[in-house]
1. Of the residues 233, 207, 223, 167, which is under 22 Å from residue 279 (Cβ atoms) and free of Cβ contacts under 8 Å to residues at least 12 places away in the same chain?
2. Tell me the residue from 213, 183, 154 that is at pLDDT below 95, surrounded by fewer than 19 Cβ atoms within 10 Å (Cβ to Cβ) and in contact with a helix residue (DSSP H, G or I) (Cβ under 8 Å, 6 or more places away or on another chain), please.
3. Output yes when any residue across segment 86-101 is closer than 16 Å to residue 25 by Cβ, surrounded by fewer than 22 Cβ atoms within 10 Å (Cβ to Cβ) and touching a helix residue (DSSP H, G or I) at 6+ places or on another chain (Cβ under 8 Å), and no when none is.
4. Restricting to segment 55-85, give me the number of residues that are over 14 Å from residue 3 (Cβ atoms), without any contact (Cβ under 8 Å) to a residue 60 or more places away in the chain and buried (at least 19 other Cβ atoms within 10 Å of the Cβ).
5. Specify which of the listed residues (129, 125, 115) is under 30 Å from residue 169 (Cβ atoms) and either part of a strand (DSSP E or B) or modelled with pLDDT under 85 (or both).
6. Quick one: would you say residue 270 is under 14 Å from the mean Cα position of the chain (by Cα) and either assigned to a loop (DSSP other than H, G, I, E, B) or over 28 Å from residue 115 (Cβ atoms) (or both)?
């Protein structure tokens, strides 16, 4: 069977010479085929005229799955790749292909595998877990009912309900994606993050990336200060350093206080080596350059930050030009 494999994964497997500031530690694969969904930000959307070899900023060359499995096994044995992640488009063949891929990776490699699919029921989720999926992701992406309906179509409430019901039935086995910059306020984003954390759902935080040929190609990426505030709030909530009620927002829904002193926040960020600014999601998922251009703004660092990068990220969070000593 054919499957698309991210350029970064192929670099780890020795199939290209791309340079990465932090090599991928997860093997990223995309089930081949035309997607029947119409998500306005996605290159794979049936309404998109974007290059179908792209997902976000990443190219995904087509490969023979059976050939890739053997190479993944070698990379996993050497601990170059610690996890596999299968992204699934929505069409009549994709579900069967995804199940086959999950089972193969489980049976042949015993490699932790997460799958992001347009599942429709608890039964679908149970089957994927039974086949060997370590995590099943139901991507929310847009975090308000209005934005979800406008950008993805369908019911936000039904999708979120399925995710949370599944999280109760399958503890620590569910994950989701949320995208900052689709028009939501910081308060709306952090409110959903809090709800997901309360259900022990793994959250992968993305920055909106405009892709030529998609319906949202003219929408700009989020301001870095906006993204940094959400990252820090997410980290403080996840680590149970603060509670949601501690956060303060202005009338426009912008975060204006974390409920603890700025000095304490900065100390926490420094003591954790800037963990708040690293890629979030499943264990060992670092997604280098998924949202970023080399040399441009780094929303999610795919590795531990340098001291200089940490200074910069802290300054960005507090929207100042200062470098904290």
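The values are calculated or read from the model by the stated rules, or taken from the named source; none is laboratory data. Bear in mind the structure is a predicted one, so any value in this text is a computation, not a measurement. Heads up, the Cβs are rebuilt from the backbone with ideal geometry, glycines too, and the neighbour counts pull from every protein chain shown.
1. 223
2. 154
3. Scanning segment 86-101, I find no residue that is closer than 16 Å to residue 25 by Cβ, surrounded by fewer than 22 Cβ atoms within 10 Å (Cβ to Cβ) and touching a helix residue (DSSP H, G or I) at 6+ places or on another chain (Cβ under 8 Å), so the answer is no.
4. Residues meeting the conditions: 1.
5. Values: 129 fails: either part of a strand (DSSP E or B) or modelled with pLDDT under 85 (or both); 125 fails: either part of a strand (DSSP E or B) or modelled with pLDDT under 85 (or both).
Testing whether each residue is under 30 Å from residue 169 (Cβ atoms) and either part of a strand (DSSP E or B) or modelled with pLDDT under 85 (or both) leaves just 115.
6. Numbers: under 14 Å from the mean Cα position of the chain (by Cα): no; either assigned to a loop (DSSP other than H, G, I, E, B) or over 28 Å from residue 115 (Cβ atoms) (or both): yes.
Answer is no for this residue.
Yes/no matrix, rows are residues, columns are (1) over 23 Å from residue 212 (Cβ atoms); (2) touching a helix residue (DSSP H, G or I) at 6+ places or on another chain (Cβ under 8 Å):
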residue: 15; (1), (2): yes, no
residue: 25; (1), (2): yes, no
residue: 28; (1), (2): no, yes
residue: 49; (1), (2): no, no
residue: 76; (1), (2): yes, yes
residue: 103; (1), (2): yes, yes
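Let's see how each residue does on (1) assigned to a loop (DSSP other than H, G, I, E, B); (2) over 30 Å from residue 153 (Cβ atoms); (3) within 21 Å of the chain's Cα centre (by Cα):
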residue: 242; (1), (2), (3): yes, yes, no
residue: 245; (1), (2), (3): no, yes, no
residue: 303; (1), (2), (3): yes, yes, yes
residue: 308; (1), (2), (3): no, yes, no
